[in-house]
1. Quick one: net charge around Ala100, please, counting Lys, Arg +1 and Asp, Glu -1 for every other residue with C-beta under 13 Å from its C-beta.
2. Under a Cβ-Cβ cut-off of 12 Å, what is the net charge of the residues other than Glu328 that fall near it, where Lys and Arg count +1 and Asp and Glu count -1?
3. Spin-label point model (7 Å from Cα, Cβ direction): what's the Asp155 to Glu324 distance in nm?
4. Hey, what do the phi angles of segment 451-458 turn into as Karplus ³J(HN,Hα) couplings, whole Hz, using 6.51/-1.76/1.60 and θ = phi - 60°, x for Gly and Pro?
5. With a Förster radius of 25 Å, plug the Cβ-Cβ distance of Ala479 and Thr375 into 1/(1 + (r/R0)^6) and report the FRET value to the nearest 0.05.
6. What net charge do the residues around Pro90 carry, taking every other residue with its C-beta under 9 Å from that of Pro90, with Lys and Arg at +1 and Asp and Glu at -1?
Amino acid sequence: MLPAARALAEMDPTASERRRMRALLARQLATYSANTRFREWSDVEPLAELLADLCQTLDELNETRTELLQTVPTTWMAIHFMKAFMRMEPTDAERLRVAAVLVQELSKTGNHSNSSLVESLLTLSSAEAVRVQVLSWLLPILERAHPSSVVTLTDLLLTLRPDLDEASAVKAALAKHMPWATSRDAHQLMEAFLALMPTQEERLTAGQANLDRVGDGWEPLKDIDTLLRNARSLLPITDWLAWVNCEATVESTVAMLASDSSNGDSPHSAAILKLAASSDELRRRALNRVMVLLPSTRTHGIVHLAAVASDLGASREQLGQIVERLVEVVGSTESDMDAQIGGALTELITSSDNSDNLRSRAVHRLLAIMPSAGTKSSRQLVRALSVLVESSGELRDAAVNGLPWAHLAVTSCLQMAFSGLGMSAEQRERAVDGVLDQLPSIGPGDAYTVVRSLADAGMSERQMECLVELVLGVVSTAAPWLGSMIVNEMPKAGASAEQRARLAHKLLDRVQDLGPTYHEPVFRTLKHLAETAVWQRWVQDHGLSVEEAGAV
């Protein structure tokens, strides 16, 4: 039909002929519109354009628009004839009739991102009356929109240039979606929210009374704590929170921080610092709130509070109170948290001019909890002690004399303590004696770790002989595979040839009645001890040739 219609249009038809042609084209468009299965829209736009070309008078335009509007029922038809329709100078009422169809489609989940639909709606909204009506239609759609559609709808609403009252309504709708937005969407929504804030000129024009009503968009959010708890990504919306209600936001965010039991950095810390950076008053409020919550906080939040207080510029007196509180709490929580508190104490005390009394209390408290700390926590506590005693010889001696050296050997912290505390050769020797004294009461599994820890301790001959005797006792009771592992570490610890031979014979005595299950670990240990005669004797005792032993 399209080629024939174009050919007829080029033949300079009369007014009556043009009317007949327009009626035919309108009916054809109506047929396309009514056929819901029709998916080939390539003819729709050129047919609509030709229909517009056939209108040469105002009466013809009015008549054709009336016929064309009968094809509105489907959204895609409205989109495809939009260019031709706008050439026909539609009235506001006619624009609204088409816009209503587009808005209805826009309200369906999944259609918000269709660029043609949005573009058509913006084209119709170039008339002020249409813009206002479309904006009022879109607001309830935004309020109940699916999270994936909020950003697109917001962009559309911003393009419609809302005034102060309309902007306030848009912000109110955005406020409902902000807490549950993804990190990426939260950034965009926050930017949209700030873009909707009144300019300085608008503030002056509107007057204070009106601004109180439209300026902050806070009304739909009565409970800021609910917002902070539900926000999927807190930091991106911090700027928005600052606009909403800075004072309440800062204090509530500090409360969230105190109850944050997460390990490591808390997103609330960064949010507090970002909010507090906007004014001294907010910084003071945040710091005061930290000091109020500190005495009643016992979870990981106490570490978060201590860190953020320092970053907020706490005074010497306040830092002293924080240190006092950390010293009170450390040792009464789980081991991993004790290590974090120890780290926090280190940072606070070394970064401020606190009294020696606080430093001393912290050191003695860390020494008291050390025996019950796990391997990871022990390392952190030793590191904290090393920093705390650095400037005091008296505290260093107290640490050296008070540390549970056997525990440090079991947790592989011996060398760290030796180097971190700057211990003398005499102090190291006393520390090794402390480990050896406790070795008989240490289980075989921990004995292996202790022997490894002592390997680099620089033991004297006396201490090495003591260690050998203790290891001989352990080997005689430990499982053969474990005894083999322990003996295997003795050459690294500096055992002499005679001592290695004694260990080898003890190991042989332990396994002589056992089957071939233990051949391989024992054989490898004996070779490592470099006792050729001993392992060859062992091979012969077990009825193996040297070649067979080499294959073990």
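1. Values: positive: Arg95, Arg97; negative: Asp92, Glu94, Glu105.
The answer is -1.
2. Values: positive: Arg298, Arg325, Arg361, Arg365; negative: Glu324.
Taking every other residue near Glu328 into account, the sum is +3.
3. 5.7
4. For segment 451-458, the Karplus curve yields 4, 5, 5, 7, 4, 9, 7, x Hz.
5. After rounding, the FRET efficiency stands at 0.65.
6. Numbers: positive: Arg65, Arg95, Arg97; negative: Glu89, Asp92, Glu94.
Once positives and negatives cancel, what remains is 0.
Values quoted throughout were computed directly from the atomic coordinates according to the rules given, and no laboratory measurement underlies them. As the structure is a computational prediction, the values presented were derived from the model and not from experiment. Using ideal geometry, Cβ is built from the backbone for each residue, glycine included, and neighbour counts are taken over all protein chains shown.
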